[in-house]
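Report on the structure given below.
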Amino acid sequence: MNQSHSTLVTRHSSLPVLPGATLGVLGSGQLGRMFAVAARRMGYRVHTFSPERDTPTGQVADAETTAPYEDLDAVREFARSVDAVTFEFENVPAPAVEAVGRDAPVRPSGEVLHTTQHRLREKSFLSKHSFPVTPFRRVASVEDLRAGLDELNYPAVLKTADFGYDGKGQRTIKCADEADEAFAALGGREGILEAFVAFERELSVVAARGSDGAVASYGVVENSHARHILDHTVAPAGVSPAVARRAEEIARALLEQLDYVGVLCVELFLTGDDGLFVNELAPRPHNSGHFTIEACAASQFEQQVRALCNLPLGSTEQFRPAAMANLLGDLWQNGEPDWRSALAVPNVALHLYGKRAARTGRKMGHLTALAHTTDEALRTVLAARASLDRRA
């Protein structure tokens, strides 16, 4: 690529990308699928890139490139075929992101991705900029781990610094005798040791920032996990106005500090004394924001399209209280779930991700319920999900 083309990409990156253009997605899972649905509804074409074939995103996209992220020639060819690029999945290798950025605007930026795809870099960024985080230590050796445990005390949580989600690559250390085994489980990878947070609730804020600096937030939601995987979300969260305001302030400050363009999820711990700690950042739409498809004027995926394309952000107004429940592969253990039963429940919406193989713990879809209260919405969505199991 010549210098004039590189300059052209930079110069035009602030211009709106209008309907009719082609949007690129790095990654091809369910988040890309829902992004593609929103983008196509708005008149865009979608091209997805990943090492997999017949993917959740590829099934609804206009084009699907199947190649390793390390194949930079294929990455560059993909970038030249689209007008702007976003992420469905944050663990894309940095050289691939850099290659894409030479030919198309990337939002959020590769710099943001570099920070958020690595737990140690992310926590260091948060600490440096005075965001509330639990104490942590870098772990590169078993001696680092033992020293960190002496400082942070027990219990403490050891995590791989990279490639972690849904609780993968982490374990709680409750006593000194568990240190060697925990370190061995890192498999030679860099780790991060975090002091244990005795949290009362897990919260998150999904928010978006446009290239003009405008910010739109979906408010604070409450999340419940099982086996380290998000089980259900209620929106809005039943927290005090002061806690809700502070959580949204943290999200806004992070968007601005990162000079972020796109959708960001900030995961938070709430302690018994109303303290808030930032747990993790997700530089993309998030599982806990799926309720916005039915419940809000503009979903988190439409917002991702708008931010990517330099368009005004949409309204985050929530029409009714909502609850979302994940559907994991476990539900298929006794045969095809009873879809008719769940769909017979009023005000329940079904989303399936097009994944061919149902495995234990694998996210296959979700249900969303709207109601007059969050308690009613949660009861409804959990009852609908329970009705899917043919053993019930």
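The values are calculated or read from the model by the stated rules, or taken from the named source; none is laboratory data. Worth saying up front: this structure is predicted, and the values here are computed from it rather than measured. Methodologically, a virtual Cβ is constructed for each residue, glycine included, from the backbone with ideal geometry; neighbour enumeration extends over all protein chains shown.
The condition (being over 30 Å from residue 24 (Cβ atoms), surrounded by fewer than 21 Cβ atoms within 10 Å (Cβ to Cβ), touching a strand residue (DSSP E or B) at 6+ places or on another chain (Cβ under 7 Å) and modelled with pLDDT of 95 or more) is satisfied by just one residue among 200, 222: 200. Of all residues in the range 103-120, those satisfying the criterion of being more than 14 Å from residue 26 (Cβ to Cβ), in contact (Cβ under 8 Å) with a residue 24 or more places away in the chain and not polar (S, T, N, Q) are 118, 119, 120. Could you list, in sequence order, the residues of the range 339-366 that are touching a Leu at 6+ places or on another chain (Cβ under 7 Å), surrounded by 15 or more Cβ atoms within 10 Å (Cβ to Cβ) and part of a loop (DSSP other than H, G, I, E, B)? Those that are touching a Leu at 6+ places or on another chain (Cβ under 7 Å), surrounded by 15 or more Cβ atoms within 10 Å (Cβ to Cβ) and part of a loop (DSSP other than H, G, I, E, B): 347, 362. Being among the hydroxyl-bearing types (Ser, Thr, Tyr), without any contact (Cβ under 8 Å) to a residue 40 or more places away in the chain and not assigned by TED's automatic domain parsing to the domain that holds residue 158 is a description that does not apply to residue 211. Does residue 336 satisfy the criteria of being part of a loop (DSSP other than H, G, I, E, B), over 28 Å from residue 42 (Cβ atoms) and acidic (Asp, Glu)? Yes; evaluated as a whole, the condition is true for this residue. For the range 310-330, the count of residues that are touching a residue at least 60 places away in the same chain (Cβ under 8 Å), farther than 30 Å from residue 390 by Cα, buried (at least 17 other Cβ atoms within 10 Å of the Cβ) and in contact with a Lys or Arg (Cβ under 7 Å, 6 or more places away or on another chain) is nonzero.
Just one residue in the set 136, 87 is closer than 30 Å to residue 50 by Cα and aromatic (Phe, Trp, Tyr); that residue is 87. Any residue that is in contact with a Pro (Cβ under 8 Å, 6 or more places away or on another chain), surrounded by fewer than 20 Cβ atoms within 10 Å (Cβ to Cβ) and either in a loop (DSSP other than H, G, I, E, B) or small (Gly, Ala, Ser) (or both) - is there at least one of those in the range 49-59? Among the residues of the range 49-59, at least one is in contact with a Pro (Cβ under 8 Å, 6 or more places away or on another chain), surrounded by fewer than 20 Cβ atoms within 10 Å (Cβ to Cβ) and either in a loop (DSSP other than H, G, I, E, B) or small (Gly, Ala, Ser) (or both), which makes the answer yes. Looking across 278, 239, one residue alone is crowded, with 16+ Cβ neighbours inside 10 Å, in a loop (DSSP other than H, G, I, E, B) and among the hydrophobic types (A, V, I, L, M, F, W, C). It is 239. Taking each residue of the range 12-25 that is closer than 16 Å to residue 81 by Cα and looking for partners that are surrounded by fewer than 17 Cβ atoms within 10 Å (Cβ to Cβ) and of a type in the set (Ser, Thr, Tyr) with beta-carbon atoms closer than 7 Å, six or more apart or interchain, yields 22/81. Among the numbered conditions (1) touching a Ser or Thr at 6+ places or on another chain (Cβ under 7 Å); (2) closer than 30 Å to residue 54 by Cβ, the only one that residue 365 does not meet is (1). For the range 67-98, the tally of residues that are small (Gly, Ala, Ser) and either within 20 Å of residue 17 (Cα to Cα) or not assigned by TED's automatic domain parsing to the domain that holds residue 14 (or both) stands at 3. Would you be able to say whether some residue in the range 139-162 is surrounded by 15 or more Cβ atoms within 10 Å (Cβ to Cβ), in contact with a strand residue (DSSP E or B) (Cβ under 7 Å, 6 or more places away or on another chain), in contact (Cβ under 8 Å) with a residue 60 or more places away in the chain and not assigned by TED's automatic domain parsing to the domain that holds residue 259? The answer is yes, given that some residue of the range 139-162 is surrounded by 15 or more Cβ atoms within 10 Å (Cβ to Cβ), in contact with a strand residue (DSSP E or B) (Cβ under 7 Å, 6 or more places away or on another chain), in contact (Cβ under 8 Å) with a residue 60 or more places away in the chain and not assigned by TED's automatic domain parsing to the domain that holds residue 259. Out of curiosity, is residue 376 acidic (Asp, Glu) and closer than 26 Å to residue 216 by Cβ? No; evaluated as a whole, the condition is false for this residue. A Cβ distance below 9 Å, combined with a sequence gap of six or more or placement on separate chains, defines the contacts here; from the range 171-194, residues that are hydroxyl-bearing (Ser, Thr, Tyr) reach residues that are surrounded by 14 or more Cβ atoms within 10 Å (Cβ to Cβ) in the pairs 172/155; 172/156; 172/157; 172/158; 172/178; 172/182; 172/196.
Taking the range 114-223 as the region of interest, the strands (runs of 3 or more DSSP E) fully inside it that hold 1 or more residues being more than 30 Å from residue 245 (Cβ to Cβ) are 136-139, 156-160, 170-173, 191-195.
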